[in-house]
2 protein chains.
Amino acid sequence: MQRSSVLNLVTTKEFDQKVTVKGWVRTFRSNRFIALNDGSTIKNIQCVIDFENTAEEILKRITTGACVSIVGTLVESQGKGQNSEIQVDELEILGDSNPDEYPIQPKKHSFEFLRENAHLRVRTNTFSAVMRVRSKLSFAVHKYFQENGFNYVNTPIITGSDAEGAGEMFKVTNFEANKAPKNEDGNVDFKQDFFGKETNLTVSGQLEAETYAMALGKVYTFGPTFRAENSNTTRHLSEFWMIEPEVAFMDLEGNMDLSEDFIKSVINYVLENCKDDLEFLDQRFAQEEKGKPQLQRSELGLIDKLKFVTENDFKRVSYTEAIDILRNSKPNKKKKFQFPINEWGADLQSEHERFLVEKHFKCPVILFDYPANIKAFYMRLNDDGKTVRAMDVLFPGIGEIVGGAQREERYDVLIEKMKALDIDEKELWWYLDLRKFGTAVHSGFGLGFERLVQFTTGMGNIRDVIPFPRTPQNAEF
Amino acid sequence: MQRSSVLNLVTTKEFDQKVTVKGWVRTFRSNRFIALNDGSTIKNIQCVIDFENTAEEILKRITTGACVSIVGTLVESQGKGQNSEIQVDELEILGDSNPDEYPIQPKKHSFEFLRENAHLRVRTNTFSAVMRVRSKLSFAVHKYFQENGFNYVNTPIITGSDAEGAGEMFKVTNFEANKAPKNEDGNVDFKQDFFGKETNLTVSGQLEAETYAMALGKVYTFGPTFRAENSNTTRHLSEFWMIEPEVAFMDLEGNMDLSEDFIKSVINYVLENCKDDLEFLDQRFAQEEKGKPQLQRSELGLIDKLKFVTENDFKRVSYTEAIDILRNSKPNKKKKFQFPINEWGADLQSEHERFLVEKHFKCPVILFDYPANIKAFYMRLNDDGKTVRAMDVLFPGIGEIVGGAQREERYDVLIEKMKALDIDEKELWWYLDLRKFGTAVHSGFGLGFERLVQFTTGMGNIRDVIPFPRTPQNAEF
């Protein structure tokens, strides 16, 4: 008989049918009730054993984490909060799980402990819910772009260019450590390395994506990017996935429209397609918030926060306006900000971004037209000569979730900027070519996927929304 | 007025409307006809200029590669093979393209030359078609798995384990070349490197995907993988994208079913959704084949080859049967194979695989139950003690496109195998845990995405189906 998924069994109304189900025991109580899960849903199917006619030998082996195959009759459940249950006819133990050794017991484990068991933590309710939402969210990303005429572009992971300056890079090499060959001058001879030059792991696919936008019109990347920075925070990973759309003939206004429409669309997709998982995560979030001091608690529940984003217009505010608001704000005057805002030109911190979103505007905010000298070289200079067409999308709880810009499409302006910043033209000859041959206005943004998963699932630590997190001193599994 | 896409303009039947279109000039002939492309389709929209009333200055600047914005009236075309054209009212040059400098002229360029201009080659018909098909194909992959209850898993790119043995690995480090710190013994002190140990770029996400399959049931990866091998062939890249589904409770039979259904589904998706691009590529393929000696020519056209796959059942043949067929085959007896097949246990080469598919069975073939000693340690041992539950899917033209297996789920058998092959248990403690706690039959396969794109687009060199190929001595852009 073909195996039914637990998802199917807990939702179907076709009762009194014979079914086969396979999965892992979550709990076994009263020597009678197995809560069985197979990963297809956060819900367990209750399997009721006729324990009087089941060998003691078998009953003993029904432990948390054990894998079993069950044949039985699906019946309507009398129990509260469940649709159906199985009256078990046959039970086979496929894989034992010694309760004295199995790390994942039916009790609350700390997230630190679970990170050390990242190969098993996805067998818990919380992590299976997070990872199912992550999967759906990534599909929503592809779906949105594909349905809107974008082409997916796989930009390179190993890169010979280190000119983008988005962050510290990891080196990629074939040389044995301390055994790199030298050239006549006594320097390391990178010509003998695998790629014939120094190579790194990419920090962003944007520059390469621009080359494709200037041919295919609308493109997006969605792939891994890397930062070799020693950041041990709840918001940073050394390896994370980034989404970067890039569109020809689109200015900053269009870029803001796109980011807002995109984010609302993918969150709506998850609201519609991950109901059970989100309900569970909503409760988990509420409980975690209860444990926090009143002042640090989120004013909104998880699902409320998602609706806060999908149902509100994103408020668009220039950097200059934002600085005025912040300078005159209560927390600034009362010196409550860790970084006081005194003058135009200051780089905004997470505390300022969250103030604007959570206290002042009470909706997601898009800041634009930032001072040129706190933003990247490729952003389009405004006529004022001191601001660039940059934008950041700010969210409740996490601050910046999107950073984007209209790109500098004018060859002369770009090359001046590169000279001023000492960026080697020869490194970026191909990027400059885009401005030499058929240049056009174009824009795009970057969104760190794990930040979006964090926001959507309410998980406090970014290490808990990616299967096997890479952080300083940690590359286990 | 909002910009219309060329795709919309060449398909709509709403004539005599005012439209705005922006794109790049492909050709400009008779001082009158612009073939304009914006990447949304392989087709160009013909824009007809009233050249008598257009300044000489402007006409000169309408060159191949220039970017223009056009306002005009969309009218039904009288020309053969085109739906519509634009009578131009206004034309603005957005970006010039100096014809003496622009590398992509309207003539046939060699693929080698275009690889050196990978940032511009996507502005040609061939590469824009290939990259649009690639994008659609990758969406088809996600769509298939998501609609069939699979969860997308992002397995790590940087890995501390080198136990899988699928190939040579690149090193990832933060140490300056030849300046790695040493420990007391005088050896390199990897504890001081970024991750506190030696790390590499992944060759496969399979082992990590197995951990997720044993919790979520059905999962798949789709991400970049790496090989530090000095292979300069038309079938190998140093960086390529791999698809790896992994399913709990699925045996080899189910694995064969899944691979066949999956491949047919994604190719059908492309047949339905990339008609114009495939027609172009079909003609390109036919022309390229014409240039080959009779014997090397493909018997089937490109679209015929795709239908050959979607419309035929995949023939399932054991390795042992295949060896018998090959041993008794004409080319073997006439010593036409470069590698003669003499006995059971031989590793099959591409020439043998293609013989089976193209000459003997004349349909895609799945070989299974390979000798244990030519396959990986994690494949499930058959009762005969000498074969494993491995499978390879073989395709016309390219040979192996999928490699998969039922995994060894028995702790004792697996650990014996690892010992025999000298694989460190401590490296793979987490992989062994899966067999210790709730083990179950499970299977999966790997499919090199670029091989699939090659097959689908008919491109002869794998470097021409990925935007920026990485190969030995080459990491430009």
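The values are calculated or read from the model by the stated rules, or taken from the named source; none is laboratory data. In this text the structure is predicted, and so the values were computed from the model without any measurement. Here Cβ is always computed from backbone atoms with ideal geometry, including for glycine, and neighbour counts include all displayed protein chains. Just so you know, the surface numbers come from the protein's heavy atoms only, side chains and all, with ligands and any DNA or RNA stripped out. Shrake-Rupley method; radii C 1.70, N 1.55, O 1.52, S 1.80 Å.
Identify all residues within the stretch B:229-247 that are assigned to a loop (DSSP other than H, G, I, E, B) and either surrounded by fewer than 20 Cβ atoms within 10 Å (Cβ to Cβ) or of a type in the set (Phe, Trp, Tyr) (or both); write none if there are none. First the steps, then the outcome.
Of the residues in the stretch B:229-247, the ones assigned to a loop (DSSP other than H, G, I, E, B) are B:229-238.
Passing the criteria: B:GLU229, B:ASN230, B:SER231, B:ASN232, B:THR233, B:THR234, B:ARG235, B:HIS236.
If you go through the stretch A:271-328 one residue at a time, how many are over 16 Å from A:LEU356 (Cα atoms), free of Cβ contacts under 8 Å to residues at least 24 places away in the same chain and among the aliphatic types (A, V, I, L, M)?
2
Do the conditions hold for B:PHE455, that is, is it outside any loop (DSSP other than H, G, I, E, B), touching a helix residue (DSSP H, G or I) at 6+ places or on another chain (Cβ under 9 Å), surrounded by 23 or more Cβ atoms within 10 Å (Cβ to Cβ) and assigned by TED's automatic domain parsing to the domain that holds B:TRP241?
Values: outside any loop (DSSP other than H, G, I, E, B): yes; touching a helix residue (DSSP H, G or I) at 6+ places or on another chain (Cβ under 9 Å): yes; surrounded by 23 or more Cβ atoms within 10 Å (Cβ to Cβ): no; assigned by TED's automatic domain parsing to the domain that holds B:TRP241: yes.
So B:PHE455 does not fit the description; no.
Of these, B:ASN373, B:ASN328, B:ASN312, B:ASN342, which one is closer than 23 Å to B:PHE285 by Cα and assigned by TED's automatic domain parsing to the domain that holds B:GLU450? Before the answer, list the steps.
Details: B:ASN373 fails: closer than 23 Å to B:PHE285 by Cα; B:ASN328 fails: closer than 23 Å to B:PHE285 by Cα; B:ASN342 fails: closer than 23 Å to B:PHE285 by Cα.
It is B:ASN312.
So how many residues does the stretch A:181-212 have that are in contact with a helix residue (DSSP H, G or I) (Cβ under 8 Å, 6 or more places away or on another chain) and either farther than 26 Å from B:GLY95 by Cα or facing chain B (nearest Cβ under 7 Å) (or both)?
Residues of the stretch A:181-212 in contact with a helix residue (DSSP H, G or I) (Cβ under 8 Å, 6 or more places away or on another chain): A:181, A:183, A:196-198, A:207, A:210-212.
Next, only the ones that are either farther than 26 Å from B:GLY95 by Cα or facing chain B (nearest Cβ under 7 Å) (or both) stay: A:181, A:183, A:196-198, A:211-212.
Residues that pass the stated criteria total 7.
Can you pull out the residues in the stretch A:416-431 that are open to solvent by 10 Å² or more (accessible area, probe 1.4 Å), within 22 Å of A:ALA248 (Cβ to Cβ) and touching a residue at least 12 places away in the same chain (Cβ under 8 Å)? Walk me through how you get there before you give the answer.
Looking only at the stretch A:416-431, we keep the residues that are open to solvent by 10 Å² or more (accessible area, probe 1.4 Å), and these are A:416-417, A:419-427, A:429.
Within this subset, residues satisfying the condition of being within 22 Å of A:ALA248 (Cβ to Cβ) are A:417, A:429.
Across the stretch A:416-431, the qualifying residue is only A:LYS417.
Give B:ALA215, B:ALA228 a once-over and let me know the one that is without any contact (Cβ under 8 Å) to a residue 12 or more places away in the chain, within 27 Å of A:ASN474 (Cβ to Cβ) and facing chain A (nearest Cβ under 8 Å). Full working, then the answer.
Numbers: B:ALA228 fails: without any contact (Cβ under 8 Å) to a residue 12 or more places away in the chain.
The conditions single out B:ALA215.
Return only the number of the condition from (1) within 14 Å of chain B (Cβ to nearest Cβ); (2) part of a helix (DSSP H, G or I) that A:LYS419 does not satisfy.
The failed condition is (1).
Please indicate, with yes or no, whether at least one residue in the stretch A:106-121 is assigned to a helix (DSSP H, G or I), within 8 Å of another protein chain (Cβ to nearest Cβ) and within 21 Å of A:GLN283 (Cα to Cα). Can you show your working first?
At the first step, the residues of the stretch A:106-121 found to be assigned to a helix (DSSP H, G or I) are A:111-116, A:121.
Those still in the list that are within 8 Å of another protein chain (Cβ to nearest Cβ) too: none.
For the stretch A:106-121, residues assigned to a helix (DSSP H, G or I), within 8 Å of another protein chain (Cβ to nearest Cβ) and within 21 Å of A:GLN283 (Cα to Cα): absent.
Does the stretch A:187-194 include one or more residues that are touching a residue at least 12 places away in the same chain (Cβ under 8 Å), within 30 Å of B:THR126 (Cβ to Cβ) and open to solvent by 10 Å² or more (accessible area, probe 1.4 Å)?
Looking through the stretch A:187-194, at least one residue is touching a residue at least 12 places away in the same chain (Cβ under 8 Å), within 30 Å of B:THR126 (Cβ to Cβ) and open to solvent by 10 Å² or more (accessible area, probe 1.4 Å).
Tell me yes or no: at least one residue of the stretch B:248-257 is surrounded by fewer than 24 Cβ atoms within 10 Å (Cβ to Cβ), aromatic (Phe, Trp, Tyr) and more than 8 Å from chain A (Cβ to nearest Cβ).
Looking for residues that are surrounded by fewer than 24 Cβ atoms within 10 Å (Cβ to Cβ), aromatic (Phe, Trp, Tyr) and more than 8 Å from chain A (Cβ to nearest Cβ), one finds none in the stretch B:248-257, hence no.
Among the residues of the stretch B:48-58, is there at least one that is in contact (Cβ under 8 Å) with a residue 24 or more places away in the chain and within 11 Å of chain A (Cβ to nearest Cβ)?
Applying the first criterion (in contact (Cβ under 8 Å) with a residue 24 or more places away in the chain) to the stretch B:48-58 yields B:48-50, B:54, B:58.
Of the ones still in play, those that are also within 11 Å of chain A (Cβ to nearest Cβ) are none.
Looking through the stretch B:48-58, none of the residues is in contact (Cβ under 8 Å) with a residue 24 or more places away in the chain and within 11 Å of chain A (Cβ to nearest Cβ).
Quick check, is A:LEU447 within 14 Å of chain B (Cβ to nearest Cβ) and open to solvent by less than 20 Å² (accessible area, probe 1.4 Å)? If you could, list the steps in order and put the result at the bottom.
Details: within 14 Å of chain B (Cβ to nearest Cβ): no; open to solvent by less than 20 Å² (accessible area, probe 1.4 Å): yes.
When the stated conditions are applied, A:LEU447 does not pass them.
Any idea which of (1) open to solvent by less than 50 Å² (accessible area, probe 1.4 Å); (2) assigned to a loop (DSSP other than H, G, I, E, B) is the one A:ASN342 doesn't satisfy?
A:ASN342 satisfies every listed condition except (1).
Just checking: which of the strands (runs of 3 or more DSSP E) contained wholly in the stretch B:1-75 hold 2 or more residues that are surrounded by fewer than 17 Cβ atoms within 10 Å (Cβ to Cβ), in the same structural domain as B:LEU91 (by TED's automatic domain parsing) and of a type in the set (Val, Ile, Thr)?
Numbers: elements: B:17-29, B:33-37, B:45-48.
Correct list: B:17-29.
Identify the single condition in (1) away from chain A (no Cβ under 14 Å); (2) in contact with a Ser or Thr (Cβ under 7 Å, 6 or more places away or on another chain); (3) more than 22 Å from A:GLY217 (Cβ to Cβ) that B:SER84 does not satisfy, given that it satisfies every other one.
(3)
If A:LYS330 satisfies all but one of (1) surrounded by fewer than 13 Cβ atoms within 10 Å (Cβ to Cβ); (2) modelled with pLDDT under 95, what's the number of the condition it fails?
Of (1) surrounded by fewer than 13 Cβ atoms within 10 Å (Cβ to Cβ); (2) modelled with pLDDT under 95, only one is false for A:LYS330: (2).
Which members of the stretch A:133-173 meet the condition of being facing chain B (nearest Cβ under 7 Å), open to solvent by 30 Å² or more (accessible area, probe 1.4 Å) and either closer than 23 Å to B:ALA118 by Cα or modelled with pLDDT under 95 (or both)?
If the condition is that a residue be facing chain B (nearest Cβ under 7 Å), open to solvent by 30 Å² or more (accessible area, probe 1.4 Å) and either closer than 23 Å to B:ALA118 by Cα or modelled with pLDDT under 95 (or both), then A:GLY149 is the only one that fits.
Taking the conditions exactly as written (within 14 Å of chain A (Cβ to nearest Cβ) and not charged (D, E, K, R)), does B:LEU394 satisfy them or not?
No.
Pairs please, first residue from the stretch B:450-477 and more than 9 Å from chain A (Cβ to nearest Cβ) and of a type in the set (Gly, Ala, Ser), second anywhere and surrounded by fewer than 24 Cβ atoms within 10 Å (Cβ to Cβ) and in a strand (DSSP E or B), Cβ atoms under 6 Å, 6+ apart in sequence or on different chains.
If the second residue must be surrounded by fewer than 24 Cβ atoms within 10 Å (Cβ to Cβ) and in a strand (DSSP E or B), no pairs are left.
Can you pull out every residue in the stretch A:372-396 that is surrounded by fewer than 17 Cβ atoms within 10 Å (Cβ to Cβ) and touching a residue at least 24 places away in the same chain (Cβ under 8 Å)?
Within the stretch A:372-396, A:ASN373, A:ILE374 qualify.
Identify, please: which residue in the stretch B:397-415 is outside any strand (DSSP E or B) and without any contact (Cβ under 8 Å) to a residue 60 or more places away in the chain and is, among those, surrounded by the fewest Cβ atoms within 10 Å (Cβ to Cβ)?
Going through the stretch B:397-415, the residues outside any strand (DSSP E or B) turn out to be B:397-398, B:408-415.
Now restrict to residues that are without any contact (Cβ under 8 Å) to a residue 60 or more places away in the chain: B:408-415.
Working: B:GLU408: 24, B:GLU409: 22, B:ARG410: 16, B:TYR411: 17, B:ASP412: 9, B:VAL413: 13, B:LEU414: 24, B:ILE415: 16.
It comes out as B:ASP412.
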